[in-house]
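The values are calculated or read from the model by the stated rules, or taken from the named source; none is laboratory data. This is a predicted model, so every value here is computed, not measured. Heavy atoms of the whole protein, side chains included, go into the accessibility calculation; ligands, DNA and RNA do not. Shrake-Rupley method; radii C 1.70, N 1.55, O 1.52, S 1.80 Å.
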Amino acid sequence: YKCYLDAEGRRPAISVCFLDVDLDGSSEERVNGVCLPVDARQLAALDLRERNYDRIEVTDRLTDASGVRVWAYRGSADGRARLRAAVRAGTAVIHAGYLEAVRAGFRALGEAEWAACAPSLDPGGLPVVELVRRELA
């Protein structure tokens, strides 16, 4: 449904990595982000877009969910296995444009949210590369 090209227009043999949520059950866990209301149609569209993730309910982890259900997307077992294999093979990368868009989004939420989020956006040794995303379908 999509692919990534390098500056010469070639499809490199890489695995492009994205954000993930890792819930460990501790009282210290925190996820930065924005909750947006969606209807059933929009939720189905998100499920399709986030096909490498599992939708998990996190309502019970919030201090005030105001009587609504809250979902997050966590990398699927298959997706996490692909990441581990790509890291071992040295083919795991982060798309520079994606990383910058995420950073800009959190900066737009204000200094406190950016300060809380910034450490979790460290690439952790993965190469950050310039790529062009192409939609296939």
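So here's what we get for this one:
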| read-out | value |
| --- | --- |
| Relative contact order (%) - criterion: Cα under 8 Å, at least six apart; region: the chain | 39 |
| Cα-based Kirkwood hydrodynamic radius, the range 1-46, one decimal, Å | 15.0 |
| For the range 63-137, average projected area of the Cα convex hull in nm² | 7.9 |
| Distance between the range 97-126 and the range 71-92 - C-alpha centres, whole angstrom | 20 |
| Alpha carbon convex hull of the range 48-88, volume per residue in cubic angstrom | 81 |
| Accessible area (Å², 1.4 Å probe, nearest 10) - residue 109 | 80 |
